[in-house]
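Below you'll find the structure, written out as structure tokens, and then a few comments.
The values are calculated or read from the model by the stated rules, or taken from the named source; none is laboratory data. Predicted, not measured: the structure shown is a model, and the values here were computed from it. Glycine gets a Cβ as well: all are built from the backbone with ideal geometry, and neighbour counts include every protein chain shown. Surface accessibility is based on the protein's heavy atoms, side chains included, excluding ligands, DNA and RNA. Shrake-Rupley method; radii C 1.70, N 1.55, O 1.52, S 1.80 Å.
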Amino acid sequence: MTTEQDRLELGRALFSPRTVALVGASADVAKLASRPQRVLRKHGYTGTIIPINPGRSEINGDKAWPDIRSVPQKVDHAFIMVPANAVPGVIADCVAAGVRVATIFTAGFAETGNAGREVQQRMVETARAGGVRLIGPNCLGVVNVTGKAVLSANAVLEREALIPGSLSLVSQSGSMMGAIITRAQERGLGFSKLVSVGNECDVGVGELVDCMVDDPDTRCILLFLEAFRDAPRLGAAARRAFEAGKPVIAFKLGRSAVGREIATTHTGAIAGADDVANAFFRDHGILRVETFEALFETAQLVTGHRPPKGKRVAVVTVTGGAAAMVVDRLGLSGIEVVPPTPQVLARLAAQDISITDAPLTDMPMGRAEGSVYPEILNALLESDHCDAVVAVQGSTASHKPESVRTRVLAARLGSKPLANFLGPSANEALGILQQAGAAGFRTPEACADAVRAYCEWRAPQAHPAADRATVARLDAVLHPLRGRAVNEHEAAGALAVLGIPFAESQVMQGGNDAVTVGFPAVAKILSADIPHKTDAGGVVLGIHSAEELRAAVGDMLSRIRSRQPQAKLDGVLVQCMEQGIGEVIVGYRHDPDAGPVVMVGVGGIMAELGGGHSVRLAPVSLDTAREMIGEVPGFAMLKGYRNRPAGDLDALARVVYALSLLACATGQPVREAEINPLLIRTHGVVAVDALLSW
């Protein structure tokens, strides 16, 4: 485990090296390998630069050495640019020379396939054995703007003058680091630290976030993510950042299901990568934005604030059309745009300011002059009826940029987030807002996205621990099932240990077995090799007598053996045919990226066709389970809609909670478990199907 001292030492060598070795440095300005030396000089690096090149004794005024072993002084940070086949030898040299950190610019490792992955892994093993930490490979480097240590081959850094600021960035995409720098700096937003992580063979996003939490110059941490590679570490670091008052804002690619393995359960098909990512971000107190510009524009909106109590936004504008673009997007995201309260109206009336009680406070055609606009902002910012305020400016912000001083900056800012959207192109006015620390937005999409992200922001969630007795019972029933296919009867027996009620059932091996269940009954093929029994013709409903049942069992076994001869059959599961007022799916999945998750949604054969679902990291508390149920639109019918009987949603919450406790089991983890359907009754629930796999 990394100690605080290890983290601080890594941060110093990574961001503030006294000596930098450029391995593979070139004197040819036309070559990429010549750029890092120029970039270091351009941005004011005052440490020692040591080019490593066996064919040169000097490069651009700095004494060169044939290899790192030959360097007579301690090297803190090596930047490696040699061909891929030479990199493992350089890492061995770094170990011998006592280098603390090596950043590998070179590509051609795990991203190329199995052979490259094996070379990369051996390289990591060499480095770890020798105490060298690795960034990359296939990355563009490390930037410390405030400390003037810019160690990168990114072309943007050779052209741009860097603006010091309070933002720090970790990017899994090298090229996007340059894009974020240019776009943010165009808005007057500056950075403290930036890292391109590439393949993350050793030091990953989570460990870098940890370092940025310790950085006194960082107030907000931005993440550009393609995948979760070390989710537990990132989650722990994000929680540290939240406690330190440093918001973590993430933009993550991979919102679609393309390329993701679909599991055998409905849970795997429904709760895809994006749902799991949202659950992960919410669980660890990370704000997620959906538009690229919002990644850096959201920072000023949320820095200095904590998560809100609700999702209520007040909007004041001098241009109805521009405001409507923001309001529409907020509405589609489930954010409530609230009208001013009678108290707000009375407060403004006492200052001879008249506004309506409409959700949108519109002050067009000269009615916002003097102190009117800032006083309206004061009244909204200081009222408890909203959680954030959106202020929209029109053409005046373009031809009179200073107007934002008298309208926005004259208000008493800081009590809650204020998002300023400028309808026209008004870069000068945006710059004035930015310089004053007020959040300005260039597009309605980014403005609405940032406000939505803030309204959905939550403090890191605590996870309940199952009591020892429950874990012991669960482990005892799971142990004999581990490592083999599990049929429905066995899965139901395991899940019943968690207190989940199942329908009365028996297993029949043929038509001559004695019948013990009541009627009407349902017969289902019992085989771990056939997860979707209905599709396989392995379900018969509405059986009303022992004779019908024996015939159905015999026919089913014969039919399935003919259709799926490769499937191992364990008999036929016979259950009492239960009824309820609705069908629900409750699923558990050990996600390969984010870890255990639990899902609840509309169930039965309609599970994959819509109706909504909710996902959280597991285990969850009963309160969180109730919150999840409240998020599913399709459950409206279970809440007494139009005088229909209301379902027992507390009993449903107990099942969601219970299934999530699979995350507490020891030993080989459960890969997936599912109850579909769970029948909801006016009093209680009953499960009539179960699936479990390793």
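Of note:
- 1 or more residues charged (D, E, K, R), closer than 22 Å to LEU526 by Cβ and touching a residue at least 24 places away in the same chain (Cβ under 8 Å): qualifying strands (runs of 3 or more DSSP E) within region 577-694: 582-591, 672-680
- Test: residue in region 80-99 that is within 26 Å of PRO164 (Cα to Cα), touching a residue at least 24 places away in the same chain (Cβ under 8 Å) and within 39 Å of the chain's Cα centre (by Cα): no
- All positions within region 476-497 that are out of contact with any Phe, Trp or Tyr (no Cβ under 9 Å at 6 or more places or on another chain), buried (at least 20 other Cβ atoms within 10 Å of the Cβ) and part of a loop (DSSP other than H, G, I, E, B): ASN487
- All of (1) assigned to a helix (DSSP H, G or I); (2) closer than 16 Å to VAL23 by Cα hold for GLU111 with one exception: (2).
- From the list LYS42, LYS74, LYS148, the lone residue that is in contact with a Gly (Cβ under 8 Å, 6 or more places away or on another chain), under 26 Å from MET177 (Cα atoms) and among the charged types (D, E, K, R) is LYS148.
- Strands (runs of 3 or more DSSP E) within region 152-256 that include 1 or more residues buried (at least 23 other Cβ atoms within 10 Å of the Cβ), within 22 Å of the chain's Cα centre (by Cα) and among the charged types (D, E, K, R): 191-196
- Summed over region 108-123, residues that are surrounded by 17 or more Cβ atoms within 10 Å (Cβ to Cβ), touching a residue at least 60 places away in the same chain (Cβ under 8 Å) and out of contact with any strand residue (DSSP E or B) (no Cβ under 8 Å at 6 or more places or on another chain) total 3.
- Extreme residue, modelled with the highest pLDDT, among residues of region 529-563 that are out of contact with any strand residue (DSSP E or B) (no Cβ under 7 Å at 6 or more places or on another chain) and within 16 Å of ASN676 (Cα to Cα): ILE530
- Within region 346-365, considering residues that are out of contact with any Gly (no Cβ under 9 Å at 6 or more places or on another chain) and open to solvent by less than 50 Å² (accessible area, probe 1.4 Å), the one modelled with the lowest pLDDT: MET363
- The set of residues from region 438-465 being of a type in the set (Gly, Ala, Ser) and open to solvent by less than 20 Å² (accessible area, probe 1.4 Å) comprises ALA438, ALA439, GLY440, ALA446, ALA448, ALA450, ALA453.
- For region 636-651, a residue qualifies if it is under 14 Å from ARG626 (Cα atoms), open to solvent by 70 Å² or more (accessible area, probe 1.4 Å) and more than 30 Å from the chain's Cα centre (by Cα), and exactly one does: LYS639.
- Contact map, region 500-512: first residue under 20 Å from ALA551 (Cα atoms), second residue part of a loop (DSSP other than H, G, I, E, B) and open to solvent by 20 Å² or more (accessible area, probe 1.4 Å), Cβ cut-off under 7 Å, separation 6 or more or different chains; pairs are GLN506/THR516.
- Filter result (under 21 Å from ASP214 (Cβ atoms) and over 37 Å from the mean Cα position of the chain (by Cα)) within region 1-56: GLY47
- Selection status of GLY431, open to solvent by 20 Å² or more (accessible area, probe 1.4 Å) and of a type in the set (Gly, Ala, Ser): yes
- Any chance ARG133 is over 16 Å from PHE15 (Cβ atoms) and either open to solvent by 10 Å² or more (accessible area, probe 1.4 Å) or out of contact with any Ser or Thr (no Cβ under 9 Å at 6 or more places or on another chain) (or both): no
- Count of region 378-402 residues which are open to solvent by 20 Å² or more (accessible area, probe 1.4 Å), more than 18 Å from THR341 (Cα to Cα) and in contact with a strand residue (DSSP E or B) (Cβ under 9 Å, 6 or more places away or on another chain): 1
- In the set (1) polar (S, T, N, Q); (2) assigned to a strand (DSSP E or B); (3) over 30 Å from ALA466 (Cβ atoms), the condition left unmet by ASN512 is number (2).
- Looking across region 385-423, the residues that are in contact with a Lys or Arg (Cβ under 9 Å, 6 or more places away or on another chain) and farther than 14 Å from LEU301 by Cβ come down to HIS385, CYS386, GLN393, THR396, ALA397, LEU422.
- Any pair with Cβ under 8 angstrom, 6 or more apart, that starts in region 452-466 at a residue that is under 14 Å from ARG239 (Cβ atoms) and ends at one that is open to solvent by 50 Å² or more (accessible area, probe 1.4 Å): ARG458/ARG282; ALA459/ARG306; PRO460/ARG239; GLN461/ARG282
- Residue count for region 339-372, restricted to those that are charged (D, E, K, R), part of a loop (DSSP other than H, G, I, E, B) and within 21 Å of ALA323 (Cα to Cα): 3
- Single condition THR534 does not satisfy, out of (1) open to solvent by 10 Å² or more (accessible area, probe 1.4 Å); (2) part of a strand (DSSP E or B): (2)
- One residue stands out in region 502-518 among those that are out of contact with any helix residue (DSSP H, G or I) (no Cβ under 6 Å at 6 or more places or on another chain) and surrounded by 15 or more Cβ atoms within 10 Å (Cβ to Cβ): the one that is farthest from GLU578 (Cα to Cα), namely ASP513.
- Residues within region 299-319 that are farther than 15 Å from ALA241 by Cβ and in a helix (DSSP H, G or I), tallied: 2
- Taking the numbered list (1) over 21 Å from ALA244 (Cα atoms); (2) in contact with a Lys or Arg (Cβ under 7 Å, 6 or more places away or on another chain) in turn, GLY174 passes all entries but (2).
- Residue in region 545-576 that is farthest from VAL685 (Cα to Cα), counting only those that are touching a residue at least 60 places away in the same chain (Cβ under 8 Å) and assigned to a loop (DSSP other than H, G, I, E, B): LYS568
- When residues of region 106-129 are limited to those that are of a type in the set (Ser, Thr, Tyr) and modelled with pLDDT of 95 or more, the one farthest from GLY89 (Cα to Cα): THR106
- Some residue of region 396-411 being of a type in the set (A, V, I, L, M), within 32 Å of the chain's Cα centre (by Cα) and farther than 17 Å from ARG312 by Cβ: no
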